Amino acid sequence: MAIGRAVRYLVLGLVLGAAAGGAAVYSLLRRSVPCSKGSVRLKGLDSAVEVIRDRWGLPHIYAGSVRDAIFAQGYVHAQDRLWNIELARRAASGSLAEVFGAVALDADRLLRRVGLRRAAEAEVEQLAEAMCENLDAYAAGVNAFVEGNRNRLPPEFLILRFRPEPWTAVDSLTIGKFIGWSLSGNWDTEIVRSWIVERLGPEEAARMEPGYPVGAPLIVPPGGECRGLGAPLLEELRKVQDLAGAKGGGSNNWAVDGHKSVTGKPLLANDPHLPLQMPTVWYEVHLNGGGLNVIGVSLPGVPGVIIGHNDRIAWGITNTMTDGDDLFVEQINPANPRQYDHKGKWVDGDLVREEIRVRGRREPVVEEVLVTRHGPIISPSIAGETRALALRTIVAEPSQQVQALILLNRAGSWEGFREALRQWPAPAQNFVYADVEGNIGYQMAGLVPLRAKGQGLVPSPGWTDEYDWKGFIPFDELPSVLNPPTHYVATANNKIVDDDYPHFLGAEYMEGYRVQRIIELLEARQKHSLEDFRSIQGDIYSIPGYELAQHLLSLKPANEDARRALNFLRVWDCQLSPDSVAATIVEAFFLQMLRNTVAVKLGPLTDYFVGKEVHPAVPDGFYLYRSTSWLLGLMKEAPVDWFGGRDWREVMEQSLEEAVAALRRSLGEDMSRWTWGRLHYAPFEHVLGRVRALRPLFNRGPVPMGGDMNTVAQASYVGSRPYAVGSFAVSYRQIVDLSDFDRSVAILPGGQSGHPASRHYSDMIDAWRRLEYHPLLFDREEIERQAAGKLTLTPA
């Protein structure tokens, strides 16, 4: 997700120098691992809290009130993930350069312009009292740990030579907005799409737009298929010509009711897909107190449980891929850069002065941000962009996100679940639901703009009101279903409803292959067990891989190596397993064929289509993840005008030969060793692990991986930097058994701790890779039996 991605390109040699010797650094690492046993007195608690850690490092927090439970959550987040939350705070606030130096300045400049922290500072003044209390309790917990351990900080602080500032409610809100912005926006795709229109014109650009495939599954109604009614894409793209001269994460979740479960009660599965990193994105926690009894995963820096279950209901989330960002081209007064045009008159904007402290520089870098009625002008941070682009984003809207999360954690029924989600702002999510009464359901939640005109797929004219937002889709009009006749619900970032739905949700869904495969597997059995769900979560069968292989096997290449490569496909089972040679050949051919197909139209813009970032803070372009069915459709149709008269089979043979030659250069002459896992691996990299001397201490990769962007067990690569798993992958797996919560299971791709010397830093990687799980203990008696340590927090 966003935190690791925001610092992907940082070079840390500037501040690390030669680093310390391995033994000395390891000593520092061991010293900073916090104690999980005994007792500690803390200011800010109302009564004693017990923190029982099981043998997987998961803290089970028992408190007398919700406030004390959340205080303790802040404390354990700081215990295990202090560096994690500090990095998140700085990435979200635009203050990375203060510790990393000028290499982080580009990311900071953009985040200061977007102004997530400004929005959080304004929001905190408007929060409901209960939400303020929860945020303040969480901050007090974080600060209590830091205050008592100032001489035992995690090694990252010692290496980088700084101490964390006190935690505040604004910090948690800013991180929440950062995550929301990372998952709900398409501003960068709007820019690339407009560049494509400028190069090709709207008619030809429309041919380059990957759409959601006809016949692919919809979320609502379950079992429904996209009919391809069509949206006015061409009209939308023509807006760019009118501007001449002005110049989301993937995931899976599903549930079955008792009719399709061997237990007679629902089963619910969720595996959110986010970048793999060290430490891992998520943190497992169990909160019990004041009527709250919830377990699952949280995001360090934010209170509450985001995915999980309480003693009545369970839920999982996937990103909706709805469009929560719009760019507006503003016309700036050449005589007064603080003014912009609105309906033919110059209007004063707000000029915000942002001072960015940069390590190694005496004076701060000053960013003067013009804020228009649509939002801040962000384009000065974007290389090659000369238009004045203002960003309106849903995450800048006032919200009650933490309150919604706590209400969700306490909900005991479908009605309570939906009532909590009424307050859910961003990112918009697909919530799958199950309860102990046997009900299952789906609810979309989050803000989706109602646009006066257009769809926000390209930048809109800012000098008129024609394209402004006029509100948000009412919650009761968002897609929802309870107890469908299919006896299952399933989502995988696919299209939610067909085009006859009365409101525009978005146009950049992931392709339907993952959800198609999930539905195939759900319908293949009359009844499912927890083990069946585990197999579905680990499935690496490639639906488009089969189609690609059929195209390849129809070719008759002249090149001997290309002919040898095709022999591996003749016996391929379409599994993208790490030890498969055929998988490597199919994936390499796909990417090379995509490049050749796009390059003839886009020329220098080709890299953006296959994944190059518009800005380092958002380093994954999104066209690649929607392009497989688009390319397969073109290969089947074979339009004669595409390659200027060249035959499609000729280009396919050329692409195969080029892919095989590239594989030979990368993997050697022995084709039998061209296994997918040699190219396709998870680095499991820590930010400091980019420094060679520190890699053995902080990094835990490479780990060979199967799958790709279109398998249920998603493991995506960035097309401009193939083939390492540098994008969406399975960041957590959870299966909840509503017949017996203690049978529920989960696994992280890493561990609970952010301390490299802790045994819980990476103790789950092997199990995660082997598709194994740990029990998600919920009953206190069993938790006590599996306890590895008990820490009592008492009021000072």
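Using the scaling law 2.2 N^0.38 Å as the reference, what is the normalised Cα Rg of the range 362-509? Show your work: numbers first, answer last.
Details: Rg = 19.1 Å, N = 148, 2.2 N^0.38 = 14.7 Å.
So the Cα radius of gyration is 1.30 times the expected 2.2 N^0.38 Å.
With a 1.4 Å probe and every protein chain kept in, tell me what percent of the accessible surface of the range 335-387 is carbon plus sulfur.
On the way: 1430 of 3180 Å².
C and S atoms contribute 45 percent here.
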_Tell me whether the chain comes out rounded, prolate or oblate; compute the Cα gyration tensor, take square roots of the eigenvalues as a ≥ b ≥ c, and use a/c under 1.5 as the rounded threshold._
rounded
*For the range 658-716, run through the GluC sites (Glu not before Pro) and keep only the ones in DSSP coil with at most 12 other Cβ atoms within 10 Å of their Cβ.*
Glu669
*asked:* Among Ser577, Phe328, Gly201, which residue has its Cα furthest toward the positive end of the charge dipole of the chain, with +1 on Lys/Arg Cβ and -1 on Asp/Glu Cβ?
replied: Ser577
*Label points 7 Å out from Cα along the Cβ direction at Tyr501 and Asp647: separation in nm?*
4.4
_I want to check the label-to-label distance for Phe162 and Ala102. Put each point 7 Å from Cα in the C-beta direction and report it in nm to one decimal._
1.7
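What GluC sites (Glu not before Pro) in the range 68-173 are in a loop by DSSP, with at most 13 other Cβ atoms within 10 Å of the Cβ?
Values: sites: Glu86, Glu98, Glu121, Glu123, Glu125, Glu129, Glu133, Glu147, Glu156; in loops: Glu125.
Hits after loop and neighbour filter: Glu125.
Carbon and sulfur: what percent of the range 571-657's accessible surface (1.4 Å probe)? It would help to have the intermediate numbers written out before the result.
Values: 1430 of 2820 Å².
Carbon and sulfur together cover 51 percent of it.
Calculate, in nm to one decimal, what Ser39 and Glu225 gain on full extension: separation in residues at 0.36 nm each, minus their alpha carbon distance.
Numbers: separation 186, 0.36 × 186 = 66.96 nm, distance 5.72 nm.
Computed gain between Ser39 and Glu225 is 61.2 nm.
DSSP loop (so not H, G, I, E, B), at most 16 other Cβ within 10 Å: list which chymotrypsin sites (Phe, Trp or Tyr not before Pro) in the range 418-523 pass both filters.
Working: sites: Phe431, Tyr433, Tyr442, Trp463, Tyr467, Trp469, Phe472, Phe475, Tyr488, Phe504, Tyr509, Tyr513; in loops: Trp463, Tyr467, Phe504, Tyr509.
Nothing satisfies the criteria.
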*asked:* Report the Cα centroid-to-centroid distance between the range 628-681 and the range 374-409 in angstrom, as an integer.
replied: 39
*Hey, any idea what % of the range 111-268's accessible area is carbon plus sulfur with a 1.4 Å probe?*
50
*Does a label point 7 Å from the Cα of Ala383, set along Cα-to-beta-carbon, have any residues of the range 88-111 with amide nitrogen under 19 Å, and which are they?*
97, 101-111
*Hey, can you find the accessible area per residue of the chain for me, probe 1.4 Å, expressed in square angstrom?*
34
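Once the Cβ-Cβ distance between Glu133 and Arg692 is put in as r, and R0 is 60 Å, what FRET efficiency do you end up with, to the nearest 0.05? Let's see the in-between values first.
On the way: r = 47 Å, r/R0 = 0.78.
Once the sixth-power term is evaluated, E becomes 0.80.
Is the range 583-625 best put as rounded, prolate or oblate by its Cα gyration tensor, with a ≥ b ≥ c the root eigenvalues, rounded for a/c under 1.5, and otherwise prolate when a/b is larger than b/c, oblate when not?
Working: a/c = 3.22, a/b = 1.36, b/c = 2.37.
Because a/c hits 1.5 or more and a/b fails to exceed b/c, the range 583-625 counts as oblate.
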*Is the range 19-173 best put as rounded, prolate or oblate by its Cα gyration tensor, with a ≥ b ≥ c the root eigenvalues, rounded for a/c under 1.5, and otherwise prolate when a/b is larger than b/c, oblate when not?*
oblate
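So how much slack lies between Arg525 and Lys345, counting 0.36 nm per residue of separation and subtracting their Cα-Cα distance, in nm? Working shown, then result.
Numbers: separation 180, 0.36 × 180 = 64.80 nm, distance 6.51 nm.
Contour length minus Cα-Cα distance gives 58.3 nm.
Set the Förster radius R0 to 41 Å, insert the Cβ-Cβ distance between Glu419 and Arg199 as r into 1/(1 + (r/R0)^6), and round the FRET efficiency to 0.05. It would help to have the intermediate numbers written out before the result.
Numbers: r = 49 Å, r/R0 = 1.18.
Step by step, r from the Cβ atoms, then E = 0.25.
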_If I model a spin label at Leu771 and Asp561 as a point 7 Å from the Cα along the Cα→Cβ vector, what separation in nanometres do I get?_
3.4
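Given R₀ = 41 Å, what would the calculated FRET efficiency be for Arg31 paired with Arg743, taking r from the Cβ atoms and rounding to 0.05? Display every interim value, and only then the final one.
Values: r = 39 Å, r/R0 = 0.95.
For R0 = 41 Å, the calculated efficiency reads 0.55.
The values are calculated or read from the model by the stated rules, or taken from the named source; none is laboratory data. As the structure is a computational prediction, the values presented were derived from the model and not from experiment. Positions of Cβ are backbone-derived with ideal geometry, glycine not excepted, and every protein chain shown enters the neighbour counts. SASA here: full protein model, heavy atoms, side chains in, ligands and nucleic acids out. Shrake-Rupley method; radii C 1.70, N 1.55, O 1.52, S 1.80 Å.
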